[in-house]
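To keep things clear, I will list the structure first and then write my remarks on it.
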């Protein structure tokens with residue numbers, strides 16, 4: 001069972017794994033954003049530096065072109081001032097060659113931010129240089145110095161000045177572009193700082209959000225467990241904690257629920273055992289109470305039996321003598337009816353006293369029981385046959401319900417018939433206006449049961465505790481020893497007697513059932529050691 005529960009509650013993903021995965025995702029996201037920002041900043045910085053480097057090369061080419069322009073007009077000045085023709089012409093051609101080379105180099109340079117593209121600037125300068133070459137060559141080809149030569153020299157100077165102006169414009173544009181690029185570089189740096197702080201703030205916010213979410217995923221189930229623990233402490237073993245996750249906390253919740261279920265099962269077992277123990281204590285208490293009542297009743301019967309034995313012995317002989325003398329007197333009076341009638345009354349009363357003495361003697365004597373295996377149903381039916389005439393005489397119907405499951409039991413059948421005869425006669429006498437006598441046999445609690453029920457008026461509540469007392473009777477002609485003898489015989493058999501009775505008054509006050517009395521006789525299925533039994537009474541008043 002433990003292995004099955006362990007397999008069932010095994011988390012799909014551990015809490016540590018979730019935490020590591022969450023923080024790895026945050027770290028990866030932060031690294032991605034930081035890398036993107038750094039890459040963007042680095043790319044912009046590299047681009048700006050490359051532009052600055054190219055502008056620096058362009059400025060250098062522009063300055064070189066300006067110097068070369070200045071060298072073009074110098075051979076003309078030397079020639080016009082009286083210098084040699086050939087050296088001046090060679091210098092002029094050399095200067096033009098260098099200028100064209102510089103112009104070509106400038107045309108291939110990248111002059112970022114110039115008013116014109118480098119090739120456009122070269123295209124503009126090329127005609128000017130061509131004019132300078134043309135006019136200069138005219139001066140050299142004329143081979144004389146005159147006003148026309150001076151005019152051409154001025155035109156060449158004007159062209160050179162115009163070219164220089166273009167160079168200055170290009171240099172200014174490049175310088176302005178340098179300023180712009182420096183400002184842009186500063187903005188990139190500021191953006192880098194701003195993005196760094198922004199990213200830091202976003203990272204802190206994201207980390208706080210994830211930490212809060214993780215804390216919620218941990219604290220909420222833990223709070224549920226805490227509340228569940230408090231409810232369990234209050235005794236609510238039916239409460240269960242919702243396992244919201246499939247990690248260690250979910251496993252803890254499932255284990256908690258399993259523990260509570262086990263506690264509930266143990267508590268139910270303990271409660272069942274407590275109820276069973278209480279029931280056993282109650283049954284044992286009732287048995288002890290019946291034993292105590294039996295002992296008290298036995299002591300009472302023993303004391304009364306001893307007294308009755310002495311009284312019977314002392315009265316029996318005088319009563320016998322009285323009966324003999326009355327019989328002699330009845331023979332002597334002959335035909336005197338009045339005297340004969342009185343003597344007959346005395347004889348009847350004396351016989352009644354003798355029967356009481358015989359009952360006292362029988363009550364006080366402990367009989368040796370003749371135990372033998374007997375058919376209880378047969379004993380009951382044979383006894384019912386003896387009261388058939390009384391049933392018809394008192395208009396009492398008979399209802400029988402005998403169980404076929406009762407085995408043969410060890411008992412003294414004659415003494416059991418004596419018990420049944422006393423009970424049957426009492427039941428018939430309790431129905432002076434007729435009724436129904438119900439006799440049942442059954443197996444109950446490992447004992448053979450004989451239940452005798454009448455439909456009489458019932459036994460009043462205030463005398464139910466006295467019906468087994470010797471000499472207690474509610475009949476004018478009774479001796480009050482019948483039920484006492486029943487009690488003693490059942491005690492000798494190791495059985496017990498229970499009495500249930502309801503009166504019409506009790507039924508009228510809400511008690512269920514009908515009026516009448518039921519006497520239950522219980523006989524053991526096996527012999528009882530020393531014939532000691534818990535003989536008791538049970539009186540149901542509701």
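Where a number appears in this text, it was derived from the coordinates with a stated rule and is not lab data. Quick caveat: nothing in here was measured; it's all calculated off a predicted structure. Positions of Cβ are generated from backbone atoms using ideal geometry, with glycine treated the same way; all protein chains shown enter the neighbour counts.
The calculated FRET efficiency for the pair residue 339 and residue 462, based on their C-beta separation and a Förster distance of 45 Å, comes to about 0.45.
Extension gain residue 372-residue 266, at 0.36 nm per residue separation less the Cα-Cα distance, in nm?
33.1 nm
Each of residue 327 and residue 42 was given a label point 7 Å from its Cα along the Cα-to-Cβ line. The distance between the two points is 14.9 nm. Efficiency by 1/(1 + (r/R0)^6): what FRET value for residue 172 and residue 242, r their Cβ-Cβ distance, R0 = 60 Å, to the nearest 0.05? E(calc), rounded to 0.05, equals 0.15.
R0 = 56 Å: FRET efficiency of residue 191 with residue 97, Cβ-based, nearest 0.05? After rounding to 0.05, the efficiency reads 0.70. Note on residue 353 and residue 182: the model spin-label points, each 7 Å out from Cα along the C-beta direction, lie 16.0 nm apart. Which residues does a label at residue 504 reach in the range 434-467, if reach means a backbone N under 17 Å from a point 7 Å past the Cα toward the Cβ? Within reach of a label on residue 504: 434-436, 454-461. What spacing in nm lies between the two simple spin-label points modelled at residue 90 and residue 26, each 7 Å away from Cα in the Cβ direction? With each label placed 7 Å out from Cα toward Cβ, I get 8.2 nm.
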